[in-house]
Amino acid sequence: MWRYDLRVVNEARRLRSEGYTYTEIREKLNVGFPKGTLHAWFKGMVLPESYYLKLKKMNKIHLEKVRLIAQERNRIKRKEFFEGLTKINIKIADFIHNEKTAKIALAMLCLGEASKYKSNRAFSLGNTDPRIIIVFLTLLKTCFKFDLEKIRCTVQCRADQNIEDLEDFWQEVTGVPKRLFYKARIDPRTIGKPTLKKDYKGVLKIDYFDSRVQLELESLADLVYNQLKLKHGPEV
């Protein structure tokens, strides 16, 4: 015997035969039937094709909602992670204003970058990243009696790039006047090959004509290396 009014049961079965879901049937009849009860009522019923199409669509929508929720959670976690890193590092970053710390940072930067450009008259640093260029010049001004007239800049670029635009860009980044720029150097290997990265600004090579500064930084870099090697042993 049915525990519920047969009119309600029959209406529920009719809705189910038309492809309504359990949730839709509850809403239609304005009752909160347990899922197990509905399952018993609908046992053996043949559902229309429209139901399975609807179910597939609903599952797709549900998965999209789940994906968006997961993305938002990951975004929040990532934001919190980087905020945590900032909190840890902000006090450490303040030490860069200390001349001795700045000098070690500059020596390490030159060890990695300026060592690629060996010269008897000047030491050089080249990079595509404006941040590296700015760090180099700022630390140079912090650690030494900086002389702008000892600076020379060279834009190294691809054949299809606008040299004047590139020089304007790097002039704005560095604050170095155009009269202190050497003639741009075009990579001959790029002739006939279009630049794919539209935001590529080429390489800026900076020469600083002060051998004393160069030797002092090389000496400091060697001493720092030796200190680390001495502390950590021959495996370094």
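Taken together, the values in this text are just the output of simple stated rules run on the coordinates, not laboratory data. What you see is a predicted model; the values in this text were computed from it and never measured. Positions of Cβ are backbone-derived with ideal geometry, glycine not excepted, and every protein chain shown enters the neighbour counts.
Assorted remarks:
- Summary of the geometry: segment 34-65 and segment 157-193, compared by the centres of their Cα atoms, lie 64 Å apart.
- When the convex hull of its Cα atoms is viewed from all sides, the chain shows a mean projected area of 26.7 nm².
- Of the residues GLY126, LEU63, LEU15, the one whose Cα sits farthest toward the positive end of the charge dipole of the chain, with +1 on the Cβ of Lys and Arg and -1 on the Cβ of Asp and Glu, is LEU15.
- By the rule of a C-alpha distance below 24 Å, with chain neighbours fewer than 8 residues away ignored, the lysines paired with LYS54 are LYS28, LYS35, LYS43, LYS65.
- As a rough guide to protection, the peptides 206-214, 145-153, 27-35 ranked by mean Cβ packing within 10 Å, highest first, stand as 206-214, 145-153, 27-35.
- Dimensions of segment 8-119 along the principal axes, based on C-alpha atoms and rounded to the nearest Å, stand at 91, 31, 18, largest first.
- Residue with peak Gaussian network fluctuation, the chain [Cα springs, cutoff 10 Å], from ARG185, ARG73, ARG16: ARG16
- Across the cross-link table entries LYS103/LYS201; LYS100/LYS205; LYS87/LYS205, which are compared at the Cα atoms, the separations over 30 Å belong to LYS87/LYS205.
- ³J(HN,Hα), Karplus 6.51/-1.76/1.60, whole Hz, each residue of segment 32-48, x for Gly, Pro: x, 4, x, 4, x, 5, 4, 4, 5, 5, 9, 4, x, 6, 9, 9, x
- Database remark: amide H of ARG185 closer than 5 angstrom to the amide H of VAL155, GLN156, CYS157 (H placed geometrically; neighbours at sequence offset of 5 or more, or on other chains; Pro and chain starts carry no H).
- Summing Cβ point charges (Lys, Arg +1; Asp, Glu -1) relative to the Cα centre of the chain gives a dipole of roughly 1200 debye.
- For GLU113, no residue 5 or more places off, or on another chain, has a built amide H under 5 Å of its own.
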